[in-house]
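Novice: Quick one: the structure is below, questions incoming.
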Amino acid sequence: MAPAGPEWLPPTPAEGSHVRVAPGEPMRLALLARAPGGAGATLTIDADGVPAGATFRTTPGNPATAGLSWRPGSPHAGRSFTVTFTAQPSGSPTPPGTRRVVVEVVRALARTFELSTHSTSTYRYAFVMRRAVARAAPAPKAPVVEELRLLTPERTTNLVLALDGRRTEKGVWIRVRLPGLPNNRTGWVRRRALSDWKVVRTHLVVDRRAFRLTLFRSGRPIFTARVGVGRPEYPTPSGEFYVRNMLYGFGDPFYGPIAYGTSARSTVLTDWPGGGFIGIHGTNQPGILPGRVSHGCIRMRNGDILRLSRLLPVGTPLTIR
């Protein structure tokens, strides 16, 4: 069997991704690649596909990192460029890995645009690439709503669910759903602070009254399970949220084999865990389910959350009713 090639890590675009940009708008692609066995890697770019004026910076390591920055001009309108990146393991027989991305320069882009919608079961999220602030309006001097950090409290790469966007004379702004209190907030962040878009077609719904969790894909239910929710004194909050990360390898069997972190926060427990964020996790006490049994988290039987983990990607919107 041939040795496995390098592993591409977020926020690297998916193979064959199409990135659209208008003349005068900045574009940035970020890539990470990890070689097996800890050998390290080097990222390179095929010079034949790089648009004139683009800048490529790379740092070898494990993982290796790279970034492609470009601001197309009017002569580029209507053209597309296929950019090929290669991850080459250092001092290892492991074969290199490639990642191709198509950059399309459109002639004009709408002033406002939709990014996530239940009507077509299309949802976009992005990783936070640089520390930024979310503002109450798409303007540089609008009041600050929240600071966006690079990492979550669990030390995973932070991400936000993108709702819609607006192009202004001062640049492109994206309205994102924000984690933290008060729940159900949104804010506007500059596009350049975020990675390229990741797309999911899943939607997770938790019914607190029926103690039931249902996962939809393209509008159709594909998984359902009975769950536990917060006790009356520690209620699971209702509203619109999203799945921020997936965690595993717990030493404490209380959390089960896998846990998902969400953007929802407890309104009464702000120091648990990681600031009171609501999780979806297994349990070593399946006999207490279903019911109002937790401090706000959504508990599942271990077998159920293992099955869910094969179906539920991060970035999925979460509705708690």
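Novice: Suppose we filter Arg149, Arg175, Arg190, Arg185 for residues that are buried (at least 20 other Cβ atoms within 10 Å of the Cβ) and among the basic types (Lys, Arg); which single one remains? Reasoning before the result, please.
Specialist: On the way: Arg149 fails: buried (at least 20 other Cβ atoms within 10 Å of the Cβ); Arg190 fails: buried (at least 20 other Cβ atoms within 10 Å of the Cβ); Arg185 fails: buried (at least 20 other Cβ atoms within 10 Å of the Cβ).
Of the residues listed, the single one that is buried (at least 20 other Cβ atoms within 10 Å of the Cβ) and among the basic types (Lys, Arg) is Arg175.
Novice: Here's another thing I want to ask about it. Any chance the range 240-256 includes a residue that's farther than 23 Å from Pro13 by Cα, of a type in the set (Gly, Ala, Ser), surrounded by 16 or more Cβ atoms within 10 Å (Cβ to Cβ) and more than 18 Å from the chain's Cα centre (by Cα)?
Specialist: Yes, because at least one residue in the range 240-256 is farther than 23 Å from Pro13 by Cα, of a type in the set (Gly, Ala, Ser), surrounded by 16 or more Cβ atoms within 10 Å (Cβ to Cβ) and more than 18 Å from the chain's Cα centre (by Cα).
Novice: Here are some residues: Ala4, Ala52. Which one is free of Cβ contacts under 8 Å to residues at least 24 places away in the same chain, more than 25 Å from Asn245 (Cα to Cα) and assigned to a loop (DSSP other than H, G, I, E, B)?
Specialist: Ala52
Novice: Could you please find all residues in the range 122-136 being part of a loop (DSSP other than H, G, I, E, B) and at pLDDT 95 or above?
Specialist: Ala136
Novice: Would you pick out the residues in the range 166-192 that are farther than 20 Å from Gly276 by Cβ and either at pLDDT below 95 or among the basic types (Lys, Arg) (or both)?
Specialist: Hits for the range 166-192 are Arg166, Arg167, Thr168, Glu169, Lys170, Gly171, Val172, Arg175, Arg190, Arg191, Arg192.
Novice: Considering only the range 302-317, I want to know if a residue exists there that is among the small types (Gly, Ala, Ser), without any contact (Cβ under 8 Å) to a residue 24 or more places away in the chain and more than 22 Å from His203 (Cβ to Cβ). Steps first, please.
Specialist: So the first thing to find is which residues in the range 302-317 are among the small types (Gly, Ala, Ser), and the list is 303, 309, 315.
With the extra rule that they be without any contact (Cβ under 8 Å) to a residue 24 or more places away in the chain, the set shrinks to 303.
Okay, now just the ones that are also more than 22 Å from His203 (Cβ to Cβ), so 303.
Looking through the range 302-317, at least one residue is among the small types (Gly, Ala, Ser), without any contact (Cβ under 8 Å) to a residue 24 or more places away in the chain and more than 22 Å from His203 (Cβ to Cβ).
Novice: Those residues that are within 28 Å of Leu32 (Cα to Cα) and either part of a loop (DSSP other than H, G, I, E, B) or within 19 Å of the chain's Cα centre (by Cα) (or both), I need them from the range 102-113; list them, please.
Specialist: Val106
Matching residues to (1) touching a Lys or Arg at 6+ places or on another chain (Cβ under 9 Å); (2) more than 20 Å from Pro11 (Cβ to Cβ):
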residue: Asp196; (1), (2): yes, no
residue: Arg201; (1), (2): yes, no
residue: Leu204; (1), (2): no, yes
residue: Arg209; (1), (2): yes, yes
residue: Arg220; (1), (2): no, yes
residue: Gly228; (1), (2): yes, yes
residue: Thr236; (1), (2): yes, yes
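Every residue, every condition in (1) loosely packed, with under 12 Cβ neighbours inside 10 Å; (2) free of Cβ contacts under 8 Å to residues at least 60 places away in the same chain; (3) not charged (D, E, K, R), yes or no:
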{"residue": "Lys141", "(1), (2), (3)": "yes, yes, no"}
{"residue": "Pro153", "(1), (2), (3)": "no, no, yes"}
{"residue": "Thr157", "(1), (2), (3)": "no, no, yes"}
{"residue": "Leu163", "(1), (2), (3)": "no, yes, yes"}
{"residue": "Arg166", "(1), (2), (3)": "no, yes, no"}
{"residue": "Pro179", "(1), (2), (3)": "no, no, yes"}
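The values are calculated or read from the model by the stated rules, or taken from the named source; none is laboratory data. Just so it is clear, the structure is predicted and the values come from calculations on it, not from any experiment. FYI the Cβ positions are ideal-geometry reconstructions off the backbone, even for glycines, and counts take in every protein chain you see.
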